[in-house]
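A quick write-up on the structure given underneath.
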Amino acid sequence: MSNIKTENRARFSVPDNSMVFARGVRKSYAQLEVLKGIDLDVPVGSVACIIGPSGSGKSTFLRCINHLEKISGGILLVDSQFVGYDLRGDKLHEVRDDLLCARRAEIGMLFQSFNLFAHMTVMENLIEAPTQVRRVPVDQAKAEAEVLLRRVGLLDKVNRYPRELSGGQQQRVAIARAMAMKPKVLLFDEPTSALDPELVGEVLQVMRDLAESGMTMVVVTHEIGFAREIGDQLVFMDGGVIVEQGAPREMIANPQSPRTREFLSRVL
Amino acid sequence: MEAGVPAEIRAEPGAADIASRLTVVPRRNYGIWIGTALALVLAAVIFRAFASNPAFAWDTAAGYLFHPSIMRGLGTTLILTVVIMLLAIVIGTVIAIMRVSPSPVLRGFSAVYVWFFRGVPALIQLIFWFNLSLLVREISLTLPFIGTVFSARTNDFMTPFVSAIVALSLCEAGYMAEIIRAGIKSVPSGQAEAASALGMPYRMTLKRITLPQAMRFVLPPTGNEAINLLKMTSLVTFIAVDDLFYSAQSIYARTFETIPLLIVVAFWYLAVVSIMSVGQHFLERHFGRSDVRTEAMPLRALRNAFSLRGTR
């Protein structure tokens, strides 16, 4: 296990403490090339925020990280491991479904539309994956779920169905559900874009707490304020490439590329 | 009012006074009164015809209501309905899952299945399976090196009852497959995606996330199908399975009390359909519980039962 990681690190010169490592990641659908060579390093415990106009490929890149989309070229490692492949010699073998699932379970993902399981209560949503995928005993899973729900401030909603919650509450439950799998990294795909403006704050607050507790996060967002305050690095994508990346404060105050300047002037 | 001017109601002094003295005269809708009168007259005429025409022979009908052979026939009809429906749901689910599978061969197979079994009339399928022995004399399983493990003459096991079950299950499965496929498609793709992201394999996602949510959409039309199927089983009369209709037929063929026995048959079909509607209501409520915030009125159960419809 760690042997593979050591080999990968040496072979691809992955920096120490790397959680997400991307080199030349490309993705095309038929004729359309959505990602045209993405290089990115997200160190353990850091927060990377990805901004950019719609259609820039930022969500696609996020979905490539946990292999919801297969990449067409390049190298993408999570915790120094391929997610959907095993490297043997010079060949990348696609892994069996159960192995892929086990690796995906360690990568949490949050969606713009929350995607809570509509037929399950909040508690059932939280214990579903731990009990079914990891075979955690129900009592233990419930106890852990209660801790997480207290952390996102929704312990009083355990027996509610998603429909009965506000968007902000649903997204907080979704974060707790992802955390229930004890992931190594959390991917956020525009987590606040579907929310009423007054509900955005409560979700950002939960994300801020997670970041402060040392969670590694990759956040596709339009919340520039959040990126500036919480992000360790800011990535601006456009047309399938990273146009500019750097420390959020400097980049927002003094963007180098004219394209970045134009985008920031419109969203700030 | 012009734009920009704050909208504000200005009442003249005394207007409130006048307003308190005004009364509303409801509009007269004569069409509804005429329609109601006509419907009442029609109902009275029909009732009179039923009550006064001696050919209905209500006493005779009442006498046959719990006749042992009618009861046996009703039992057969119910067993056929339950067994065929269960088999149709199982086969239909398999066909529906094939229909949404990534493999084009599986998708094609299920498409042809649905096309064939929905396209050929049930009665013809029924008679076809009943006459299977004309096509296949013997069914046997022969393994290399071991020899014949199992062998049976088609006529020995393709009894009318078995033919009825095989034929109508396969036919009904074609309809169920389409209903279940539509149900699966009605579940937003984000649900399966979230399950994948949590590390749930495809089959687990299908079983735990997609199918339970599809149930809510699948149940109302399935209730309709069950009710249709109950009535469709009367076709087995053609291959001499002694169901409700066949039992009635064999009585009136002897006694010529055709109308009273048809009334008995109609009564039992209506009674079973009514009970099924009530059951369907409670099933729907169970699977729709993530939707309803307040308990549904018990009245709805009654209304559902008497409207004799499968859908809400």
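Sort through B:133, B:101 and tell me the only one that's small (Gly, Ala, Ser), touching a helix residue (DSSP H, G or I) at 6+ places or on another chain (Cβ under 9 Å) and closer than 30 Å to residue B:232 by Cα.
Working: B:101 fails: closer than 30 Å to residue B:232 by Cα.
Every option except B:133 fails the conditions.
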| field | helices (runs of 4 or more DSSP H) wholly inside region B:236-312 that include at least 1 residues being at pLDDT 90 or above | value | B:244-255, B:258-287
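Being in contact (Cβ under 8 Å) with a residue 60 or more places away in the chain and hydrophobic (A, V, I, L, M, F, W, C) is true for just one of B:79, B:95. Which residue is that? Spell out the reasoning first.
Working: B:79 fails: in contact (Cβ under 8 Å) with a residue 60 or more places away in the chain.
Of the residues listed, the single one that is in contact (Cβ under 8 Å) with a residue 60 or more places away in the chain and hydrophobic (A, V, I, L, M, F, W, C) is B:95.
Quick one: would you say residue B:238 is buried (at least 21 other Cβ atoms within 10 Å of the Cβ) and under 24 Å from residue B:226 (Cα atoms)?
No, not satisfied.
Would a scan of region B:41-60 turn up a residue that is in a helix (DSSP H, G or I), surrounded by 13 or more Cβ atoms within 10 Å (Cβ to Cβ) and of a type in the set (Lys, Arg)? Full working, then the answer.
Within region B:41-60, the subset in a helix (DSSP H, G or I) is B:41-52, B:54-56, B:58-60.
From what is left, the residues that are surrounded by 13 or more Cβ atoms within 10 Å (Cβ to Cβ) are B:56, B:58, B:60.
Next, only the ones that are of a type in the set (Lys, Arg) stay: none.
No, because not a single residue in region B:41-60 is in a helix (DSSP H, G or I), surrounded by 13 or more Cβ atoms within 10 Å (Cβ to Cβ) and of a type in the set (Lys, Arg).
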| task | Read through the list (1) within 30 Å of residue A:150 (Cβ to Cβ); (2) surrounded by 21 or more Cβ atoms within 10 Å (Cβ to Cβ); (3) touching a residue at least 40 places away in the same chain (Cβ under 8 Å); (4) touching an Asp or Glu at 6+ places or on another chain (Cβ under 8 Å), then give the number of the only condition that residue A:187 fails. | result | (4)
| Name the pairs: first residue in region B:198-209 and within 9 Å of chain A (Cβ to nearest Cβ), second residue buried (at least 19 other Cβ atoms within 10 Å of the Cβ) and small (Gly, Ala, Ser), Cβ to Cβ under 6 Å, at least 6 apart or on different chains? | B:198/A:129; B:199/A:105; B:209/B:195
| Among residues of region A:194-235, those that are under 12 Å from residue A:171 (Cα atoms) and hydrophobic (A, V, I, L, M, F, W, C), counted | 8
| remark: Given (1) crowded, with 20+ Cβ neighbours inside 10 Å; (2) within 8 Å of chain B (Cβ to nearest Cβ); (3) under 29 Å from residue A:69 (Cα atoms), residue A:161 misses just (3)
| request: Quick one: residue A:128 ticks every box in (1) surrounded by 24 or more Cβ atoms within 10 Å (Cβ to Cβ); (2) at pLDDT 95 or above except a single one, so which number is it? | output: (1)
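Somewhere in region A:146-153, is a residue closer than 20 Å to residue B:191 by Cα and either surrounded by 20 or more Cβ atoms within 10 Å (Cβ to Cβ) or touching a residue at least 24 places away in the same chain (Cβ under 8 Å) (or both)?
Looking through region A:146-153, none of the residues is closer than 20 Å to residue B:191 by Cα and either surrounded by 20 or more Cβ atoms within 10 Å (Cβ to Cβ) or touching a residue at least 24 places away in the same chain (Cβ under 8 Å) (or both).
Would you pick out the residues in region A:53-68 that are more than 14 Å from chain B (Cβ to nearest Cβ) and out of contact with any strand residue (DSSP E or B) (no Cβ under 7 Å at 6 or more places or on another chain)?
Initial filter on region A:53-68 (more than 14 Å from chain B (Cβ to nearest Cβ)): A:53-58, A:61.
A:54, A:55, listed by residue number.
I'd like to verify a number: residues in region A:107-153 that are of a type in the set (S, T, N, Q), within 30 Å of residue A:5 (Cα to Cα) and more than 7 Å from chain B (Cβ to nearest Cβ), how many?
Within region A:107-153, the first condition is being of a type in the set (S, T, N, Q), and the residues that meet it are A:112-113, A:115, A:121, A:125, A:131-132, A:140.
Among the residues that remain, those that are also within 30 Å of residue A:5 (Cα to Cα) are: A:131-132.
The next check asks that each one be more than 7 Å from chain B (Cβ to nearest Cβ); those that pass are A:131.
Total satisfying the criteria: 1.
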| said: Considering only region A:187-200, I want to know if a residue exists there that is within 13 Å of chain B (Cβ to nearest Cβ) and over 30 Å from residue A:261 (Cβ atoms). | reply: no
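Yes/no per residue for (1) assigned to a helix (DSSP H, G or I); (2) closer than 22 Å to residue A:19 by Cα; (3) not small (Gly, Ala, Ser):
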| position | (1), (2), (3) |
| --- | --- |
| A:142 | yes, no, yes |
| A:147 | yes, no, yes |
| A:156 | yes, no, yes |
| A:172 | yes, no, yes |
| A:182 | no, yes, yes |
| A:191 | no, yes, yes |
| A:207 | yes, yes, yes |
| A:219 | no, yes, yes |
| A:222 | no, no, yes |
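Are any residues in region B:157-183 under 30 Å from residue A:189 (Cβ atoms), crowded, with 20+ Cβ neighbours inside 10 Å and more than 14 Å from chain A (Cβ to nearest Cβ), and if so, which ones? Spell out the reasoning first.
To start, the set of residues in region B:157-183 that are under 30 Å from residue A:189 (Cβ atoms) comprises B:181-183.
Applying the additional criterion that residues be crowded, with 20+ Cβ neighbours inside 10 Å yields B:181, B:183.
Answer for region B:157-183, where residues must be under 30 Å from residue A:189 (Cβ atoms), crowded, with 20+ Cβ neighbours inside 10 Å and more than 14 Å from chain A (Cβ to nearest Cβ): just B:181.
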| message | Condition (residue is of a type outside the set (D, E, K, R) and touching a residue at least 60 places away in the same chain (Cβ under 8 Å)) applied to region B:134-147: is it met by at least one residue? | response | no
| Hey, does region A:95-106 have a residue that's in contact with an Asp or Glu (Cβ under 6 Å, 6 or more places away or on another chain) and within 14 Å of chain B (Cβ to nearest Cβ)? | yes
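The values are calculated or read from the model by the stated rules, or taken from the named source; none is laboratory data. None of these values were measured; they are calculated from a predicted model. Don't worry about glycine lacking a Cβ; one is built from the backbone with ideal geometry, like all the others, and counts go over all protein chains shown.
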